[in-house]
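One structure is given here, and the rest of the page talks about it.
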Amino acid sequence: MLEKLNQIQGAALEALDSVADEAALEAWRVTHLGRSSALMEVFSGLGGLSREQRPAVGQKANQVKNALEAALAERSGTLRAASLKRSLEGERLDVTLPGRRIPMGRLHPDSQTMRELYRIFGEMGFQIFRSHEVESDEYNYQLLNFPVGHPARDMQDTYFVEAEGRGDNPIVLRTHTSPGQIHAMRHFVAGNPENPPPVRIVLPGVCYRYEQITNRHETQFEQIEGLAVGPGITFGDLKGTLADFARRMFGQETRTRFRASYFPFTEPSAEFDVECFLCAGKGCTVCKGSGWLEIGGCGMVHPVVLQNGGYDPQRYTGFAFGLGPQRMTMLRHRIEDIRYFYQNDLRFLEQF
Ligand code: DAH
């Protein structure tokens with residue numbers, strides 16, 4: 001019997017040598033230490049042995065059981081350590097590798113200029129007022145004192161969105177930000193019809209014209225419109241405001257000039273020029289030798305327009321202006337072609 005127990009132990013330990021993973025180890029445990037193993041049979045047969053044999057066989061069987069259990073525990077430990085090592089190796093990190101650079105975005109030059117304009121006009125007390133890009137003929141033209149058939153409409157080639165069945169009031173893409181003047185005035189009047197508050201707003205946004213595309217003209221472009229309405233506003237206020245704006249935008253020394261012009265919605269009207277900041281007024285290719293750069297149009301709000309906005313022209317006056325932010329960006333950075341603005345070419349965009 002003792003010999004048999006030695007054999008059981010020898011065979012079990014030999015089998016354990018070829019156990020390579022945890023599943024095989026469990027199978028080994030069932031075979032050699034499980035209920036129907038040869039070793040357990042020895043335990044259950046102890047009762048049938050003689051009194052003399054029983055203690056020695058029992059003791060030996062316990063020793064074999066302890067030896068097998070110890071071998072099992074050791075094997076299990078080695079297997080677990082090996083599998084841990086494998087998984088750590090799979091996740092190995094080289095912490096000395098250099099990091100990957102995160103590409104940094106930046107604002108489009110157009111957005112940079114717009115934000116600067118918002119800041120400057122904000123500091124000067126103007127609120128931003130946003131208006132529609134799709135307008136009716138009434139707002140884009142008629143209420144701004146361009147009656148149907150008025151020749152000044154030819155200054156702006158219009159995209160029509162919907163004309164059929166709308167008679168003299170087709171839907172158009174706004175050709176300028178000026179229709180926002182009417183929306184803004186009506187907005188303020190609606191808040192207090194008897195005693196409408198003074199208006200001081202800038203209206204930024206995209207406009208559309210059906211134009212031949214060239215390096216200077218796009219069919220889609222930005223404008224920023226200004227409007228101030230209140231009792232006793234004069235042309236002097238307009239000049240002071242735009243001169244102050246030019247100094248804040250282009251530098252404290254910047255000189256400005258106003259030239260008589262015509263717009264249906266202002267009277268009198270003017271073109272607004274700033275001294276060429278590229279040659280300091282001496283004359284260069286950008287200002288075509290004149291020393292001046294044209295920045296926008298302006299004037300005193302026409303009484304008809306005030307009336308259409310809901311402000312009594314007997315009690316209120318106002319000034320308005322319309323500037324081209326992209327022209328300012330182009331002049332500043334000497335960008336020679338407006339088409340770069342919307343081409344989304346990184347070689348262009350990364351320069352700003
Ligand atoms: N709306 C004009 C245009 O797009 C620009 C303009 C001129 C706006 C004079 C004004 C203004 O507010 O007073 O050509």
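The values are calculated or read from the model by the stated rules, or taken from the named source; none is laboratory data. Just so we're clear, the structure is a prediction, and the values are computed from it rather than from any experiment. Every residue, glycine as well, gets a Cβ built from its backbone with ideal geometry; the counts of neighbours run over all protein chains shown. In case anyone asks, the SASA skips ligands and DNA or RNA and just uses the protein heavy atoms, side chains included. Shrake-Rupley method; radii C 1.70, N 1.55, O 1.52, S 1.80 Å.
What the table below lists for this structure:
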item	result
Local net charge near PRO204, Cβ-Cβ under 12 Å (Lys/Arg +1, Asp/Glu -1)	-3
Average accessible area per residue (Å²) across the chain - probe 1.4 Å, nucleic acids and ligands excluded	56 Å²
Shape of the chain, Cα gyration tensor, a/c cut at 1.5	prolate
Cβ-based charge dipole, the chain, positive-most Cα from ALA184, HIS132, GLN351	GLN351
Accessible area of region 189-339 belonging to carbon and sulfur atoms, whole % at 1.4 Å probe	47 percent
5 angstrom amide H check on GLY291, placed H, neighbours 5+ away	GLY283, CYS284
Area accessible to solvent at HIS108, 1.4 Å probe radius, in Å²	50 Å²
Between region 213-239 and region 103-138, the Cα center-to-center distance that results, in Å	13 Å
Per-residue SASA entry for THR31, accessible area with 1.4 Å probe, Å² rounded to 10	90 Å²
Heavy-atom SASA rank of LEU33, LEU5 (probe 1.4 Å, accessible area, largest first)	LEU33, LEU5
In region 13-99, the GluC sites (Glu not before Pro) that fall in loop regions by DSSP, at most 11 other Cβ within 10 Å	GLU52, GLU91
Carbon plus sulfur fraction of accessible area for region 2-90, probe 1.4 Å, in percent	53 percent
Relative contact order, percent, region 181-320 [alpha-carbon distance under 8 Å, six or more residues apart]	24 percent
Placed amide H near THR317: partners under 5 Å, 5+ positions off or other chain	GLY230, GLY232, ILE233
Cβ-isolated cysteines (cut-off 4.7 Å), the chain	CYS207, CYS298
Calculated from backbone phi, Karplus (6.51, -1.76, 1.60) coupling profile of region 323-330 in Hz, x at Gly/Pro	10, x, x, 5, 4, 5, 4, 5
Estimated 222 nm signal from helices in the chain, with DSSP H stretches of n ≥ 4 weighted -39500 (n - 2.57), rounded to 500	-13000 deg cm²/dmol
Separation between Cα centres of region 1-67 and region 266-282, rounded to whole Å	107 Å
SER50-LEU88 FRET efficiency (beta carbon distance; Förster radius 45 Å; 0.05 resolution)	0.20
Residue-wise HN-Hα coupling along region 140-155, computed from phi with Karplus coefficients 6.51, -1.76, 1.60 (Hz; x: Gly, Pro)	5, 10, 4, 5, 9, 6, 9, x, 4, x, 5, x, 5, 4, 5, 5
HN-Hα J in Hz across region 271-282 - Karplus 6.51, -1.76, 1.60, θ = phi - 60°, x for Gly and Pro	8, 10, 10, 10, 4, 4, 7, 7, 10, 6, x, 6
C-alpha long axis of helix 179-191 to longest principal axis of the chain, angle in °	80 degrees
Trypsin sites (Lys or Arg not before Pro) restricted to DSSP loop in region 10-75 with at most 13 other C-beta within 10 Å	ARG35, ARG51
